[in-house]
Every structure is written in structure tokens, then in C-alpha cells.
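Only one structure is covered here, and it is reproduced in the block below.
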Amino acid sequence: MTLIGGAVGAAAAKVVSAAALTEQQISALRKLLEKKLEKRVEVSLEIDASLIGGFYIYIDGYIIDRTVKKQIRDMKESIMRGIL
């Protein structure tokens, strides 16, 4: 169980996005994560323009990757395997 700021049952989420997120987007993301994880979530942000678009999240040992860079990589792999 992660301790954040003395709170038991809280999690730290590192969000890396291609562009800056608005406060409204951050709030919506935090609420979604808290609902799914059933605990308080603190969000830290980082910008990485190489992602092209989208974002990924590191939380509780997991990575949620919703980047354009990953979609392009997945499409390339599918084409290489003849799946597309």
C-alpha cells in the first residue's frame, strides 16, 4: 500500500503527455483513476513532445499507454506480421 502525504490507500500517478493538460483534464483524469482504484490519487505531470499525441500513466506498477507513438508502433508491427 502506498503512503502519500501520510494518507493510507493513496496512489501516485505520473502522467506524461505530448502537450500540457488543462486543469479540467487533470481533474477528470484524477477522478477516473480514483474511481477505478478506489483510493485517493495524486497526479504529477510531465510533457514529452516525442509522444506525438496522447499520454501515458505510471500508477501502482502499471503503465497505461494511450499515445499516438504507441499506436504507430503497434500498426507498424501489425504490418510487419501481415496482420493488417
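The values are calculated or read from the model by the stated rules, or taken from the named source; none is laboratory data. Given the structure is predicted, the values throughout are model-derived calculations rather than measurements. Don't worry about glycine lacking a Cβ; one is built from the backbone with ideal geometry, like all the others, and counts go over all protein chains shown.
Quick notes
- In segment 20-37, residue modelled with the lowest pLDDT [restricted to those that are aliphatic (A, V, I, L, M) and surrounded by 12 or more Cβ atoms within 10 Å (Cβ to Cβ)]: LEU37
- Reported count of residues in segment 56-84, each being under 18 Å from GLU34 (Cβ atoms) and among the acidic types (Asp, Glu), is 1.
- So ILE79, is it modelled with pLDDT of 95 or more and out of contact with any Phe, Trp or Tyr (no Cβ under 8 Å at 6 or more places or on another chain): no
- Condition check for TYR56: out of contact with any His (no Cβ under 9 Å at 6 or more places or on another chain), among the aromatic types (Phe, Trp, Tyr) and surrounded by 15 or more Cβ atoms within 10 Å (Cβ to Cβ): yes
- Filter result (closer than 14 Å to ALA10 by Cβ and either surrounded by 13 or more Cβ atoms within 10 Å (Cβ to Cβ) or at pLDDT 95 or above (or both)) within segment 38-47: LYS39, ARG40, VAL41, GLU42, VAL43, SER44
- Members of segment 59-71 that are over 11 Å from the mean Cα position of the chain (by Cα) and exposed (fewer than 12 other Cβ atoms within 10 Å of the Cβ): GLY61
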